[in-house]
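*Asks:* Please find one structure pasted underneath; my questions will follow.
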Amino acid sequence: MTWLARCRRWLGLETPVAVAPGRRSSADDLTGLSNRMAMHDTLIAALQSGAKGVVVMLDLDNFKYFNDRHGHRAGDELLRVVATRLRETLAMASCRARAGGDQFVAFLPGLTLAEAMRKAQDCVDAMREPVTLASGTEIVTVSAGVATLAGQTVDEVWRACDAALLAAKARGRDRVVAFDDDTRRVVASQRDLASTVAELQERNRALREEARTDALTGLRNRLALDELLHTAAGDGDRRVQAAAVAFIDVDHFGNYNHVHGDAAGDDALKAVARAIKACAREADFVFRKGGEEFVVVLPDVDNKVDNAAAVAAAERIRGAVQDLALSHSASSAADVVTVTIGVASGPPGTTLRQLLSAAAEKAMAGKVSEQRNRVHAVRLRDFETPG
């Protein structure tokens, strides 16, 4: 080997061997080591031949922090230095590979676990030596996981090395850990912790959802509505761009309860809620505001000239409730349960709270004027919104 070749090898700059068209590359372009696929093939061949040995997996500690601090060019330079030290300290390896990112793997054939642990420790110690890079002198460390190759599949070997490496990280990094019963307990503990965290997150999500769901109808409740009301229609929130709001009130519901009883009233509200939900688009927000009042927020309706689209949606809801044909002899609007709906839209910058207030006022005005079982629409103008 020439002096120049030795220098290039020392710096980890060997030129990868050219690969003929149609052939799979076995080299890592950055470090000149073998790649993950080549290591996978090596382990398969060893298992098929019944060869014994040990697999060592190494991972740089806090490499993301190093990259964030010095940049990816310095990170690549460091990876080449690590590859060079890996060649020197694990020279007996039949295959040394960069598995991907900042992870390296070596197969040490014929060694016992104890022998491989000592070799891996030598490698970890060597990595701790100061590294002179273009960015300056740095001290980096690696963690190593070690597992024997005996009767498993390649995937089982990888998982064992991963588990040992995880245990090395959990014990403080900059060390070697073998896959054994203690490692299994550490990994199980880590997985149990992760499972517990995931379970708590799911419980919190469920509790949050429950707190924002109306127990009677299953619709979103007043709390969920209040959380949405601060949003400005037409702002950057895609959920409410060009939104309109429909306020829905069941006609003479107090009379219905008086005649039919509270249980029947609850059933009627659930039926009305289902009818409203069935008319809503997937993007719409449907709420039970309280009592016999419901609210639907209609995103992305064309309100530039008028609120025809929102009125059409509200009319579908009104018709669907009437079509339930729930007998209501104590109503002046019809002989079945009906709703009066106010619909409001406005220019960009109008808040949903403004739209809801306007829609509710319109619906109440319709009820007062005995124009129930109808849709009443209003379009807020620029001068009606705060500047």
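The values are calculated or read from the model by the stated rules, or taken from the named source; none is laboratory data. Predicted model, so just to flag it, every value in this text is computed and none were measured. Note: ideal-geometry Cβ built from the backbone for every residue, glycine included; neighbour counts use all protein chains shown. All accessible areas refer to the heavy atoms of the entire protein, side chains included, with ligands and DNA or RNA removed. Shrake-Rupley method; radii C 1.70, N 1.55, O 1.52, S 1.80 Å.
*Asks:* Report, by residue number, each residue of the range 79-112 that is surrounded by fewer than 21 Cβ atoms within 10 Å (Cβ to Cβ) and small (Gly, Ala, Ser).
*Replies:* Ala91, Ser94, Gly100, Gly101, Gly110
Yes or no, residue by residue, for (1) within 29 Å of the chain's Cα centre (by Cα); (2) modelled with pLDDT of 90 or more; (3) not in a helix (DSSP H, G or I):
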site: Leu43; (1), (2), (3): no, yes, no
site: Phe66; (1), (2), (3): yes, no, no
site: Arg69; (1), (2), (3): yes, no, no
site: Asp76; (1), (2), (3): no, yes, no
site: Leu79; (1), (2), (3): no, yes, no
site: Glu88; (1), (2), (3): no, yes, no
site: Ala91; (1), (2), (3): no, yes, yes
site: Arg96; (1), (2), (3): no, yes, yes
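*Asks:* From (1) buried (at least 20 other Cβ atoms within 10 Å of the Cβ); (2) part of a loop (DSSP other than H, G, I, E, B), pick out the condition that doesn't hold for Arg173.
*Replies:* (1)
*Asks:* Let me ask another. Within the range 222-233, identify whether any single residue is open to solvent by 70 Å² or more (accessible area, probe 1.4 Å) and either among the β-branched types (Val, Ile, Thr) or modelled with pLDDT of 90 or more (or both), and answer yes or no.
*Replies:* Yes; the residues of the range 222-233 include at least one that is open to solvent by 70 Å² or more (accessible area, probe 1.4 Å) and either among the β-branched types (Val, Ile, Thr) or modelled with pLDDT of 90 or more (or both).
*Asks:* While we're here: Any idea which residue in the range 240-273 is farthest from Arg353 (Cα to Cα), counting only those that are among the aromatic types (Phe, Trp, Tyr) and crowded, with 23+ Cβ neighbours inside 10 Å?
*Replies:* Going through the qualifying residues, I end up with Tyr256.
*Asks:* Quick check: is even one residue across the range 318-329 closer than 21 Å to Asn221 by Cβ, at pLDDT below 95 and of a type outside the set (D, E, K, R)?
*Replies:* No, the range 318-329 contains no residue that is closer than 21 Å to Asn221 by Cβ, at pLDDT below 95 and of a type outside the set (D, E, K, R).
*Asks:* Still on this model: Given the residues Ala280, Ala215, which is the only one that is modelled with pLDDT under 95 and over 14 Å from Ile317 (Cβ atoms)?
*Replies:* Testing whether each residue is modelled with pLDDT under 95 and over 14 Å from Ile317 (Cβ atoms) leaves just Ala215.
*Asks:* Select from the range 116-159 the residues that are at pLDDT 85 or above and hydroxyl-bearing (Ser, Thr, Tyr) and write down the one among them that is least open to solvent (accessible area, probe 1.4 Å).
*Replies:* Ser143
*Asks:* Name every residue in the range 314-343 that is of a type in the set (A, V, I, L, M, F, W, C) and either surrounded by 22 or more Cβ atoms within 10 Å (Cβ to Cβ) or in a helix (DSSP H, G or I) (or both), in order of residue number.
*Replies:* Ala314, Ile317, Ala320, Val321, Val337, Val339, Ile341, Val343
*Asks:* Still on this structure, please answer the following. Could you grab the pairs with beta carbons closer than 8 Å, sequence gap of 6+ or different chains, first residue in the range 277-297 and more than 19 Å from Ala211 (Cα to Cα) and open to solvent by 10 Å² or more (accessible area, probe 1.4 Å), second one in a loop (DSSP other than H, G, I, E, B) and among the aliphatic types (A, V, I, L, M)?
*Replies:* Going by the 8 Å Cβ cut-off, the qualifying pairs are Lys277/Leu219.
*Asks:* Name the pairs: first residue in the range 128-140 and without any contact (Cβ under 8 Å) to a residue 60 or more places away in the chain, second residue open to solvent by 80 Å² or more (accessible area, probe 1.4 Å), Cβ to Cβ under 6 Å, at least 6 apart or on different chains?
*Replies:* Qualifying pairs under 6 Å: Pro130/Thr137; Pro130/Ile139.
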